[in-house]
Amino acid sequence: MGSRGARLTLSVQSAAKGHALPARARLRQWAQAALERDTELTLRIVGEMEGRRLNAQFRGKDYATNVLTFAYGEPAMPGMPLCGDIVLCAPVIENEALDQSKPLEAHYAHLVVHAILHLHGYDHEFDDEAQAMEARESAIVMRLGYPDPYLPAAETPNDTASRAAMIEDGPSP
């Protein structure tokens, strides 16, 4: 779904105990769908305290946010992979999905795609950038079989079956 032939080297870390987390295979599928070039990535799922600490340390904002993306080094030289970390804050993502009446799995998929695009240099600081990034996100997320994340969700309760289906496939090393 991403760039043909783009390879993903993925390490998944979980520090969010007691939360329904996506399976590693899903995280890989979502990240791979947004790749535009070879990428080496660590994806860490954290609780609220770690999410808040990282957001304060790196963005100067004293609250936990849903996702943080860290790209390492200058833009990768041709033939070299992009390298970075993505931090997802499980309790924030769960609360957002509930508040927005979105299936939890769909919200995680959107945020992984969003973060991968940031890693590839996309941004949303200005309206034209935001429109381009959102259009790309929507196309990828819908290709993955989820609804457009930028359209209002149907007025139905959050899909609890999706939560049950997402229980992580075992502890992280």
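Only the coordinates and a few stated rules stand behind these numbers; no lab work does. Everything numeric here is computed off the predicted structure, so don't read it as measured data. Reconstructed Cβ throughout: ideal geometry from the backbone, glycine too, with neighbour counts over all protein chains shown.
For the reader, a short list of remarks on this structure follows.
- Label-to-label distance, Glu96 versus Ala15, with points set 7 angstrom from Cα along the beta-carbon direction: 1.9 nm.
- Under-5 Å amide H pairs with Leu144, H placed in peptide plane, nonlocal only: none
- Simple Cβ-charge dipole of the stretch 14-131, Lys/Arg +1 and Asp/Glu -1, about Cα centre, in debye nearest 20: 600 debye
- Extended-chain gain in nm, criterion 0.36 nm per residue less alpha-carbon gap, Met77 and Ala130: 16.5 nm
- Whole-Å semi-axes of the ellipsoid equivalent to the stretch 1-122 (Cα gyration tensor, √5λ, descending): 24, 17, 12
- Dipole magnitude of the stretch 1-82, debye to nearest 20 (Cβ charges: Lys/Arg +1, Asp/Glu -1, about Cα centre): 240 debye
- For the peptides 122-131, 142-151, the ranking by mean Cβ contacts within 10 Å, running from highest to lowest, is 142-151, 122-131.
- Sorted on the mean count of surrounding Cβ atoms within 10 Å across their residues, most packed first, peptides 93-101, 54-62 read 93-101, 54-62.
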